[in-house]
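Here is the structure we will look at.
The values are calculated or read from the model by the stated rules, or taken from the named source; none is laboratory data. Since we're looking at a predicted model, the values are computed, not measured. All Cβ positions, even for glycine, are placed from backbone atoms using ideal geometry, and neighbour counts span all protein chains on display. Just so you know, the surface numbers come from the protein's heavy atoms only, side chains and all, with ligands and any DNA or RNA stripped out. Shrake-Rupley method; radii C 1.70, N 1.55, O 1.52, S 1.80 Å.
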Amino acid sequence: MHNSCIFHAYLHKIALVMQIRQASGRAWQKSHAGGPDPLKRMSDSTDAKLWGGRFTGEVDPGFAEFNQSFSFDRRLFEVDVRASIAHCDALAGADVLTKTESEQIKSALRTILERGQASSSYFARFEGEDVHSFVEARLVEIAGDAGRKLHTGRSRNDQVATDLRLWLREEIDKLSSALRNTQAALIELAETNREAMIPGYTHLQRAQPILFAHWCLAYFEMLARDRERLADLRKRMNILPLGSAALAGTSYPIDRDAVARALGFDSVSRNSLDAVSDRDFCIEFVSNASLVMMHLSRLAEDTVLYSTTEFGFFELSDAVSTGSSLMPQKKNPDSMELVRGKAGRVFGHLAALLAMMKGLPLSYNKDMQEDKGAVFDTVDSVKACLEVAATVLRNLRMNQAHTREAATHGYLNATELADYLAHKGMPFREAHETVGRIVVHAIERGVELNELQLDDFKSFSSLIEPDVFESLSPEQTLRSKSQVGGTAPARVAAELERARTRL
């Protein structure tokens, strides 16, 4: 009775295979004597899982959809194929594959890569879990049984860890280039408005006059640090996990160093448990990206603020502005408002990754599938914001007359007057107090400091001479800030040249 049940179950599975074949449009070929077991051939189906042997029941359709990641991890397709080719060479070097099998597999993988690059339709209607099962299914279709040997000595755990490092390494290079482009746009804007003056602010109150180019170079420095951080991360993450297998390492004599060289990694991971479960590089990347977005958000805030009627410093191009559906006169800086808004989106990804990883035991856990959505969207968001910011900067028109007016009104030269008195021998704290009283006097008179008479000044200090008016001029105020990092025209010109050299 028991044998009869097994036999009927066997026949039922064969019938199920035939239905799958017919539904997918492929003709079912009956097995010849001595040929492969028909149950084994179930793995030829394009929706076959990589782990089905242990299971006898069907997966719940809702859970299958919940569990799959192919809808987003297909981004890893190209790097997965490249890593598979390197792994194939390693298996051949370890005598796991014959030369014929190795060439057959690599030829099939190159075909798969070409087809995937040629058309997105190649990925359509695949119902498997992830990009790894997609590549393996396509490989078996082309290379047959040889393709089934490729996964020897590796797991999806070290496979995805390798793929993600490969993919992110390339995206970091692209983001570094995008950062450089935005830096170049800042330099171009500064050089176009080299003589322009604007008020510098603290607490959003006018503080001291500065060159507009000095303002541009401040953001240049922020983005320069961002590039440095990404370059440091790239070095730190450029370590090969492949060969760690599921968690304990592999028993096959694979030359991991050769695989690392083939894929452009600097070294191999030293602990298999850490290698498959490490997502520090993802967290560090999103952390660095968060700093990029924080800097872009500050740039966006300045740009939005300075383009208001109340400030009137900037006018954004029509190319990066929108209008109102109700108010015909409006010109809205939506481009930079979106940049400012997307910063919060990236910050959220950082919090999500940290929360995801904080309680995970060693080694790999399925929670870590959530890393890709956060990393992928962060890359997309930062890249788009850098491109938009560069476009805004290259199309920005500045009202230099208005910015100069703002930079020369509001007692922004008060510090210069205090410095003048200090140079004359008055202790700076006393000079500060004296100038404060002079400012109150000027406010009561409704004039700027440089509009007071010499007698007005002398009523506060006999140290003040006629040369005070030269010290209070906007040009001298700028020229006096001549130390490294200052806003003096000669110093800013030198820094602009240095910035171009750094790029």
What are the principal axis extents of the Cα atoms in region 416-457, in Å, biggest first? 28, 16, 15
Structure shown: which of LYS383/LYS481; LYS99/LYS383; LYS235/LYS372; LYS458/LYS481; LYS330/LYS481; LYS235/LYS358 lie over 31 Å apart, alpha-carbon to alpha-carbon? LYS383/LYS481; LYS99/LYS383; LYS330/LYS481
Binned at 10 Å starting from 0, the alpha-carbon pair-distance distribution of region 351-503 in whole percents comes out as 9, 23, 19, 14, 14, 12, 7, 2
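Taking a quarter of the surface of the convex hull around the Cα atoms of region 88-224, what do you get in nm²?
Details: hull surface 56.4 nm².
Result: a mean projected hull area of 14.1 nm².
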Given a cut-off of 19 Å, what percent of all Cα-Cα pairs of region 347-402 lie beyond it? 52
Cα-based Rg/(2.2 N^0.38 Å) for region 148-257, rounded to two decimals, is 1.77
Magnitude of the Cβ-charge dipole (Lys and Arg +1, Asp and Glu -1) of the chain about the Cα centre, nearest 20 debye, reported as 1680
How long, wide and thick is region 333-428, going by the Cα atoms along their three principal axes, in whole angstroms, largest first? 71, 40, 16
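Show me the GluC sites (Glu not before Pro) within region 224-333 that DSSP assigns to loop and that have at most 11 other Cβ atoms within 10 Å of their Cβ. Walk me through the intermediate numbers first.
On the way: sites: GLU228, GLU284, GLU301, GLU310, GLU315; in loops: GLU310.
Answer by residue number: GLU310.
Just the C-alpha atoms of region 273-365: what Rg/Rh do they give, with Rh taken as the Kirkwood radius? Display every interim value, and only then the final one.
Values: Rg = 19.4 Å, Rh = 15.8 Å.
My calculation puts Rg/Rh at 1.23.
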Treating each Cα of region 436-503 as an identical point scatterer and ignoring solvent, apply the Debye formula and state log10 I(q)/I(0) at q = 0.13, 0.14, 0.24 Å⁻¹. -0.52, -0.57, -1.00
So for the chain, Kirkwood radius off the Cα pairs, Stokes-Einstein at 37 °C and 0.692 mPa s: how many µm² s⁻¹? 117
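Leaving ligands, DNA and RNA out of it, report the carbon-plus-sulfur percent of the accessible area of the chain at a 1.4 Å probe.
Carbon plus sulfur share of accessible area: 52 percent.
Looking at the calculated P(r) for region 281-322, what percent of the C-alpha pair distances fall above 11 Å? Intermediate results must be reported in sequence, preceding the final value.
Working: 595 of 861 pairs.
I get 69 percent for the Cα pairs in region 281-322 exceeding 11 Å.
Nearest 20 debye, what's the magnitude of the dipole of region 76-224 about its Cα centre given +1 on Lys and Arg Cβ and -1 on Asp and Glu Cβ?
Details: 17 positive and 22 negative charges, 27 e Å.
Computed charge dipole of region 76-224: roughly 140 debye.
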The answer for region 79-156, accessible area per residue at 1.4 Å probe in Å², is 42
Relative contact order for the chain, counting Cα pairs under 8 Å that sit 6 or more residues apart, in percent: 14
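Kindly state, to the nearest 0.05, the FRET efficiency for LEU354 paired with ARG445, given R0 = 41 Å and r defined as their beta-carbon distance.
On the way: r = 57 Å, r/R0 = 1.40.
It comes out at approximately 0.10.
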Using just the Cα positions, wrap region 60-125 in a convex hull and report its mean projected area in square nanometres, one decimal place. 5.7
Within region 130-202, GluC sites (Glu not before Pro) in DSSP loop having at most 14 other beta-carbon neighbours inside 10 Å: GLU195
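Of the DSSP beta bridges with both residues in the chain, give the percent that are antiparallel, rounding to the nearest 5. Walk me through the numbers before you get to the answer.
Details: 9 of 11 bridges.
Taking every DSSP beta bridge within the chain, about 80 percent pair in antiparallel fashion.
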Straight-line reach from LYS366: which aspartates and glutamates fall under 15 Å, measuring Cα to Cα and dropping same-chain residues less than 8 apart? GLU65, ASP73, GLU129, ASP130, ASP158, ASP278
With a 10 Å radius around each residue's Cβ, average the other Cβ atoms per peptide and rank 406-417, 360-371, highest first. 406-417, 360-371
Do any trypsin sites (Lys or Arg not before Pro) in region 411-440 lie in a DSSP loop with no more than 15 other beta carbon atoms within 10 Å, and if so, which? LYS424
If I take the Cα coordinates of region 206-305 and project them onto the principal axes, what are the three extents in Å, biggest first? 68, 22, 17
